[in-house]
Amino acid sequence: MATGIRDKVAIIGMGCTKFGERWDVGAEELMVEAFQEAIQDAGIDKNEIQAAWLGTCFDEVNVGKSALPASMTLRLPNISVTRVENFCASGTEAFRGAVYAVASGAYDIAMAIGVEKLKDIGYGGLPEFSSAMGTLNGLWFPNVTAPGCFAMLASGYAAKYGIDMQELKRAMAHVSAKSHANGALNPKAHLRKAVTEEKILNAPMIAYPLGLFDCCGVSDGSACAIVTTPEIAKSLGKKDFVTVKALQLSLSNGTEMAYEWDGAHFVTAAKASSEAYKEAGIKNPREELSLMEVHDCFSITELVTMEDLHISERGKAPKDIMDGFYDLDGKLPCQVDGGLKCFGHPIGASGLRMLYEIYLQLHGRADKRQLKDPKLGLTHNLGGFPMMNVCSVAIIGKYDA
Amino acid sequence: MVGIKSYGGYIPRYRLNRMVIVQNMAWYLPVIMAVAQGEKSVANWDEDSLSMGVAAAYDCMSGSDRKALDAVYFASTTLPYADRQNASILATALNAPEAGVDDADFTGSIKAGTTAAIAAMEAIESGKKNNVLVVASDLRRTKMATMYEMFLGDGAAALLFGKDDVIAECKGYYSHSCDFVDHYKGYGKEFDYTWEERWVRDEGYGKIIPEAITAFLDKAGMQIGDFDKVIYPCYFKGTHVGIARKLGIDPSKVQDNMHEVCGDTGTAHPMVMFVAALEEAKPGDKLLLASFGQGCDVLYFEVTDKIKDFKGPQGIKGSLARRVELDSYQKFCKWRDLIVADLGIRGEANPNTALTTLWRKRKMLLGLVGSRCKKCGTPHFPPSQVCVNPDCGAVEEMDEYEFAEKTGKILMYTGDMLAASVDPPAIYGMIDFEGGGRTMLDFTDCKLDQIKVGMEVKLSFRRKYKDEMRGFTGYFWKAIPQVEE
């Protein structure tokens, strides 16, 4: 009988680069930057790392295939290194690989590193997807982009709950404004300016009804985690360390796309979060979680996700958002570091970047953003499109929490 | 009795008022003002002669069994492929049979439509075929500020020929062929090269059509007055009238050349005009149809009682009524690729088309054929081996299931300004099909602000992409929101 991952693995070191348009560096330099911070934080020697996972998505316009770029760039000691790719969950997948490797007893210390160099393509937005979708999909799939697909969710949500689009856009604007305010406090964020709701509402349209500020930035970045068992963490002299409470993944099976779905929620996120709460022993996430870093690729994604994570009731996320429930000084702060909104979304790095913020908060190292005595934090990634996606949910917390 | 069992027509939704061309281009060629009456039909940017042909073919076959077709003939001078049977793409889009069927393209002259019709009737008369679908279509690109730009429109028509239950019986035909070159298009050339208009009028249309009709009448022992409608193309209004005068046709019995409503649709035009005539015909009417282009075909049909019971499709009348004005000459020029607008680096991605994949999935991609679970009845698009219904999950228990003629409802949608598109925003969304099944499709022939969740859509075969580097045109189906015009 499986017992889940709760408290079987400790995070002993993390690193995260400054995210942004890093015109001066490539994926290799970004990996070194994140890795150096993590290894110093862990206080171990590089040669103590026994296995590693690299998360990166658009390898064709980035580091290239295989895990060799990580192994060679970091000069890892000829250990096993595996590249994982699972859309926007790629970073969390790398983390999952390292965590499971330690939990299985196969290794004592493992590492996860995620990286994405997006700004070598010459145009805005994520890299064009049509060359990367296989020989069949490209022949029939609509001419979609990420903002377009998530924009559709807003039309579905407004129709399902009978909300006027202007009213929904107001709640979406609050989502973005809140994240911009948080990002302004974070020296590692890409976008560091507060933005008013009015400015957000009046921005040029990217994909109806999403305007410019409803979309997250596009950035370069890398983040890294080093994990081991709680016993080894203790033997290394770590106190008040952070452990993994839950790690869940849920993938669409085509039901939403081809059979039945209301077009107003994420089937996978609802499932993955329920499983994660069970794994972590959380009964009432609205009360028990201290903070969340969710996949706010677009404002509407975050809004709907608040319901799928079982924090806001169905149809009630706009109200909670407008009540300030998810603001920095709210009951359950969300996107405390500024989120994808301000960090941008270097895909392979994002999941680990989210964990980095929770890790900092749990250690009381979040500076101006520091929350009072946080115990449990949740991260969430949503890769693909509302109608077919990969969703990861991770919960980490203090070992004794 | 050989004749026509059904007809169909397609005139694209967009119409360009000729005064818009005059306003934009009369500075360059003032004489275009002389023919600026009415409007011309303009195919959307994602349409071509083949996609319009598919629309006309579906219209024609809406009450007939597509599985009973013995052959599909496709006539056009603007075929997307020089070597790949365009008629077989059309037949696959119809999900028509492959075994025992011979599809053929008819091209090289704008009278190729009537040539195909005669070939179809000869095949049926010989007893070798029973049901032959003839589709004619043209989308002729013209240079800016030319008389051709004023005269030509886009459109398609289809006729189903057979033996039994015909709505119009063919009573005879006659052909005249000669190398009269009013215009031509050499290999690899983008545009037609045209000779002096006065000569084309007087020595071309004005002589060749009357002479062929006269020769047919002599051969058949008939008088022009025996006919209730005489149908022949000629985009010069004066010459169109002049031909009637020359032949002694009562002006009320001359079928309008449709200059004001859509313009001359080239290879399709004799059939477009003929379908328009059939839409108004009564039992017993005698119709004389002539074409033009390196000669002239003359065909004589007599309408039967069956036309009374014929459930008319959208046809020419219906598609003419379904119109929206295209108010921008620049947009027209962009749609026809006459001007260059930057698609951006995002638009450069250009994977080739895996012909192996296309072959395996031809029914899905060209015919919008999905599957339906034999156990639980759930329709699937794309076709699936494992049933998507979580309460069923049957494996390899699927029948073929056609979606092309289903309507659907919009579940969600967007208008995407980021996607590389000839006509931004790229509009797309999720569709729930009537009778079950759902998928995601590009939308076309619509404006973003007209669309709502829950709105009905119909499906249309369109050009999905054009791989200019390799000369490949890919097709798929799009959804057309049924907005109020």
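Per-structure values
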read-out: Helices (runs of 4 or more DSSP H) (entirely within segment A:207-297) containing at least 3 residues that are more than 20 Å from the chain's Cα centre (by Cα); value: A:230-235, A:255-258
read-out: Count of residues meeting criterion [touching a Pro at 6+ places or on another chain (Cβ under 8 Å) and either in a loop (DSSP other than H, G, I, E, B) or aliphatic (A, V, I, L, M) (or both)] in segment A:359-378; value: 3
read-out: Looking only at segment B:427-453, and only at residues there that are of a type in the set (K, R) and more than 26 Å from the chain's Cα centre (by Cα), the one that is farthest from the other protein chains (Cβ to nearest Cβ); value: B:K452
read-out: Residue within segment A:351-367 that is farther than 17 Å from A:I396 by Cβ and more than 11 Å from the chain's Cα centre (by Cα) present; value: yes
read-out: Subset of segment A:172-205 (residues that are surrounded by fewer than 16 Cβ atoms within 10 Å (Cβ to Cβ) and either touching a Ser or Thr at 6+ places or on another chain (Cβ under 6 Å) or among the basic types (K, R) (or both)); value: A:R192, A:K193
read-out: Some residue of segment B:386-402 being within 25 Å of B:N44 (Cβ to Cβ) and either in contact (Cβ under 8 Å) with a residue 60 or more places away in the chain or of a type in the set (D, E) (or both); value: yes
read-out: Boolean, A:T73 is among the hydroxyl-bearing types (S, T, Y) and farther than 22 Å from A:A10 by Cα; value: yes
read-out: Meets criteria (over 25 Å from B:L459 (Cβ atoms), within 15 Å of the chain's Cα centre (by Cα) and in contact (Cβ under 8 Å) with a residue 24 or more places away in the chain) for B:I89; value: no
read-out: Qualifying position, being in contact with a Gly (Cβ under 8 Å, 6 or more places away or on another chain) and surrounded by 15 or more Cβ atoms within 10 Å (Cβ to Cβ), among B:A244, B:A212; value: B:A212
read-out: Any hit, segment A:176-199, residues being within 14 Å of chain B (Cβ to nearest Cβ), closer than 30 Å to A:R22 by Cα and not small (G, A, S); value: no
read-out: Any pair with Cβ under 6 angstrom, 6 or more apart, that starts in segment A:132-156 at a residue that is within 12 Å of B:P351 (Cβ to Cβ) and ends at one that is buried (at least 22 other Cβ atoms within 10 Å of the Cβ) and of a type in the set (A, V, I, L, M, F, W, C); value: A:L139/B:L365
read-out: Failed condition for A:N143, given (1) surrounded by 24 or more Cβ atoms within 10 Å (Cβ to Cβ); (2) assigned to a loop (DSSP other than H, G, I, E, B); value: (1)
read-out: Check on B:T407, among the hydroxyl-bearing types (S, T, Y), more than 10 Å from every other protein chain (Cβ to nearest Cβ) and within 30 Å of B:L90 (Cβ to Cβ); value: yes
read-out: Matching entry among B:K237, B:K282 (being in the same structural domain as B:A75 (by TED's automatic domain parsing) and touching a residue at least 60 places away in the same chain (Cβ under 8 Å)); value: B:K237
read-out: Exclusive hit being closer than 30 Å to A:A10 by Cα and more than 8 Å from chain B (Cβ to nearest Cβ), set A:D214, A:D220; value: A:D220
read-out: Lone unmet requirement of (1) surrounded by fewer than 24 Cβ atoms within 10 Å (Cβ to Cβ); (2) touching a Ser or Thr at 6+ places or on another chain (Cβ under 6 Å) for A:Y259; value: (2)
read-out: Residue in segment B:326-346 that is in contact with an Asp or Glu (Cβ under 9 Å, 6 or more places away or on another chain), free of Cβ contacts under 8 Å to residues at least 40 places away in the same chain and either surrounded by 13 or more Cβ atoms within 10 Å (Cβ to Cβ) or among the basic types (K, R) (or both) present; value: yes
read-out: Test set (1) within 12 Å of chain A (Cβ to nearest Cβ); (2) surrounded by 15 or more Cβ atoms within 10 Å (Cβ to Cβ); (3) assigned to a loop (DSSP other than H, G, I, E, B) - B:L366 fails condition number; value: (3)
read-out: Filter result for B:K375 (of a type in the set (D, E, K, R) and within 13 Å of another protein chain (Cβ to nearest Cβ)); value: no
read-out: B:V340 being outside any strand (DSSP E or B), more than 22 Å from B:L90 (Cβ to Cβ) and either more than 12 Å from chain A (Cβ to nearest Cβ) or among the hydroxyl-bearing types (S, T, Y) (or both); value: yes
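The values are calculated or read from the model by the stated rules, or taken from the named source; none is laboratory data. Model, not experiment: these values are computed from the prediction. For neighbour counting, all protein chains shown are included, and Cβ atoms are generated from backbone atoms with ideal geometry for every residue, glycine included.
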